[in-house]
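Report on the following structure.
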Amino acid sequence: MSHATTHEHDHHDEKPKGFVKRWLLTTNHKDIGTLYLIFALIMFFIGGAMALIIRLELFQPGLQFVQPDFFNQLTTVHALAMIFGAVMPAFVGLANWMIPMMIGAPDMALPRMNNWSFWIMPFAFAILLSTFFMDGGAPAAGWTMYPPLVLQGGKNVAFMVFAIHLMGISSIMGAINIIATVLNMRAPGMDFLKMPLFVWTWLITAFLLIAVMPVLAGAVTMILTDHYFGTSFFNAAGGGDPVLYQHIFWFFGHPEVYILILPAFGVISEIIPAFARKPLFGYTAMVYATASIAFLSFIVWAHHMFTVGMPLGGELFFMYATMLIAIPTGVKIFNWVSTMWQGAMTFEAPMLWAIAFVVLFTIGGFSGIMLAIAPADFQYHDTYFVVAHFHYVLVTGAVFAIIAAVYYWLPKWTGHMYDEKLAKWHFWLSVISVNVLFFPQHFLGLAGMPRRIPDYATQFVEFNMISSIGAFVFGFSQLLFVYLVWKTAKGGEKASSRVWKGAKGLEWTVPSPAPHHTFQDNAPVNDADLAHGSAH
Amino acid sequence: MSQRHVDKKARKTIGVTLGVTVLMFGFAFALVPLYNVFCEITGINGKTGRVSASEVNQRDFDPNRTVVVQFDGTVNSALPWQFHPRQVSMEVVPGKLYTTEFFAKNLADRPVVGQAVPSVAPGEASLYFNKTECFCFTEQTLQPHEEVWMPVTFRVSPDLPEDVHVMTLSYTFFNKGGLTPAQEKAGQGSHATGR
Ligand SMILES: [Cu+2]
């Protein structure tokens, strides 16, 4: 079924005519990649708007703009929209666009399923966002959906659970597709240890996805039956245990944070060698480091719940296991720095974002190690320190990598160079404001400001004001990004097929813009075109 | 490379990955019994031991060692009861049998069934906290405005780790039958939570 479609297109290389055929029914990996990226951008702005309302309310102590219940709805849906609506679909979009071109495959292994897995997403988020307009409002128990609080929600519980089921199905289908593509569709000569790191990190991410998204689906299903069908999985009155939910949730939740960051590692591992004009330092070490991070992510989950009253042995185990992750992550950071070491570096926009990623993600990693220290975590738990930590790894980590990837591959997608001057403006505005936004939150947390509150004690005023100012500058700077992408899509200086002098990989051997169909003939790949072509 | 060949290989990949997906969905549910077994064996999570009266006082213990046991009683918001311990804390000798009482009163105009769920903190001490008699072993039914004193008989094991000096026995009473306040207002029929 799936390959029949590919065959039809062999005879002509035109894009299907008409909006419905081109976008709604598309099975083309590039078009689906574009759809994913546009969807992610829209969700980034919806989730971002919620964040700005949150920061607006927190600009001053007291209640000015929103009521506490609506505030809680905003924090909950902001997280769900950013994690499942923005970051994950953006990386799936990049995978769709780039993986087939990077491994010399004509398309994804399952093009029809690819179409479904994208088109489920708008429905999932329409369902989730529609809860804002119901009486009782949107889910407000936090994105972690802890019982018993979540069980006290109204109708929105069913909508939230159903939306999460759909997102889960979509990501599982996407993951299966990526695994099937990478394992079966590589061009002859594209051995595993010649694959670009972006492909490697995505392959490992896809395995994480199929391992833990079903666990989340199970957890929210039990929430659903506890709420509507009188079961007592997490209901203490019936003999259930709310803490059990936290174990199940974080068994999903910790690998999930690597689902959000491993593809970012892949992107950065592509960009830094291209602009340092040196092959990546320690390619195989990078592959093994990624695999060990993925493995360790399954045995550290309870570091999110040090305060539930675990036995000492449990706290020690999860503390040391968590700190162990710093080793493979450190290997990656040092490899990136070593790649830049004595390289002939130039600082075009993708490289600037990549360097910012390395520096700022490392800050997020360090605050993560602080949080991993069980005795210290009792102080940090549920404070703004945690908020600062995960925004450093997710915004200046995952989101920065996505933006870097877009600048890096945009000329390949559109055939035009973006406006470098404007891109530098975008970068410097963003990188300064994002630190103004999130760095003070470390201090707020250490001083004891709890997260998820609409009002706060007056000793927290100054840092909250600074943080809110940073938030608005960062938020509005992203409009510049939209303008830049739109302008590049419309026109601009023609891009060559190589685009960047130091770029390596099969995607740079096809013309810019990349034709609708690439690598149709399964020709053997030329080692000289690959970043890791020589023996390792 | 023939398209057929790829299809066959891809189908195997899809089969395996789908299998993993289904397995992990089941694993989420399997965690429920696994977790309970794990907690019972290790005694963590405040799940306390239960011994018969004859098993008690069969071992030597140090009559000079004392620990403080604190008592705490909470009512879930869905239960129209008053509930509290007679005394806030008592000093006990590990190895000896003690009895204390909890007070409960039904504030509603109809019979209500409640179930108390015990928890002992710190978690590592819960294995050594044994109850021979407890109102939490069964459901409690209180007639309208009925008041009761309910006894708890317990023994702290002499094997309790040396570094534990204070432990807390906490009960939360949940609505097992009868009516929630909202339903009471709406005048609806009986409603059972739990299984
Ligand atoms: Cu974690």
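Laboratory data are not the source of any read-out in this text; all were calculated from the coordinates shown. In this text, all values refer to a predicted model and were calculated from it rather than measured experimentally. As a convention, Cβ positions derive from the backbone with ideal geometry for all residues, glycine included, and neighbour counts pool all protein chains shown.
Here is how the numbers come out for the structure above:
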{"item": "Label-to-label distance, nm, for residues given as A:LYS155 and A:ASP521 (7 Å Cα→Cβ offset)", "result": "6.0 nm"}
{"item": "Residue exposure sequence - A:THR26, B:THR141 - by fewest surrounding Cβ within 10 Å", "result": "B:THR141, A:THR26"}
{"item": "Of the chymotrypsin sites (Phe, Trp or Tyr not before Pro) in the range B:118-181, those whose Cβ has at most 15 other Cβ within 10 Å and which sit in DSSP loop", "result": "B:PHE137"}
{"item": "Helix-only [θ]222 nm of chain A, DSSP H runs n ≥ 4, -39500 (n - 2.57) each, per residue, nearest 500", "result": "-21500 deg cm²/dmol"}
{"item": "Peptide B:118-126, shielding by other chains (average Cβ, 10 Å cutoff)", "result": "2"}
{"item": "A:PHE59 paired with B:ARG65, simple spin-label distance in nm, labels 7 Å along Cα-to-beta-carbon", "result": "6.2 nm"}
{"item": "A:MET370-A:VAL473 FRET efficiency (beta carbon distance; Förster radius 22 Å; 0.05 resolution)", "result": "0.20"}
{"item": "For B:25-35, mean number of other protein chain Cβ atoms within 10 Å", "result": "6"}
{"item": "Gain upon complete extension [B:TRP149, B:LEU34; 0.36 nm per residue less C-alpha separation]", "result": "37.8 nm"}
{"item": "Percentage relative contact order, chain A, counting C-alpha pairs under 8 Å, at least six apart", "result": "18 percent"}
{"item": "Using alpha-carbon coordinates, inclination of helix A:400-414 to the longest axis of chain A, degrees", "result": "30 degrees"}
{"item": "Links that overshoot a 28 Å alpha carbon limit, given the list A:LYS17/A:LYS412; A:LYS21/A:LYS194; A:LYS424/A:LYS501; A:LYS30/B:LYS8", "result": "A:LYS21/A:LYS194"}
{"item": "Packing-based exposure ordering (other Cβ within 10 Å, fewest first) of A:ILE54, A:ILE32, A:ILE103, A:ILE299", "result": "A:ILE299, A:ILE54, A:ILE103, A:ILE32"}
{"item": "Rounded to 10°, Cα long-axis angle of helix A:349-372 versus longest principal axis of chain A", "result": "30 degrees"}
{"item": "Taking A:TYR380, A:TYR320, A:TYR36 and counting other C-beta atoms within 10 Å, the order from fewest to most", "result": "A:TYR320, A:TYR380, A:TYR36"}
{"item": "Mean-position separation - Cα centroids, the range A:267-322 and the range B:80-159, in angstrom", "result": "46 Å"}
{"item": "Within 10 Å of each Cβ in A:213-222, the average number of Cβ atoms from other chains", "result": "5"}
{"item": "Where labels lie 7 Å past Cα in the beta-carbon direction, separation of B:HIS84 and A:THR144 in nm", "result": "3.2 nm"}
{"item": "About the Cα centre, charge dipole magnitude for the range A:29-535 (Lys/Arg +1, Asp/Glu -1 at Cβ), debye", "result": "1040 debye"}
{"item": "Estimated FRET transfer efficiency (A:ARG112, A:ASP135; beta-carbon r; R0 30 Å; 0.05)", "result": "0.15"}
{"item": "Cβ crowding within 10 Å averaged over residues, with A:154-165, B:106-117 ranked highest first", "result": "A:154-165, B:106-117"}
{"item": "Where a label projected 7 Å from the Cα of A:LEU480 along Cα→Cβ would reach, residues of the range A:420-444 with amide N under 19 Å", "result": "A:420-439"}
{"item": "The range A:492-536 versus the range A:432-452: alpha-carbon centroid distance in Å", "result": "43 Å"}
{"item": "Folded to 0 to 90 degrees: helix A:461-490 orientation relative to chain A principal axis, Cα", "result": "30 degrees"}
{"item": "Per DSSP, loop GluC sites (Glu not before Pro) in the range A:422-521 with at most 15 further Cβ within 10 Å", "result": "A:GLU493"}
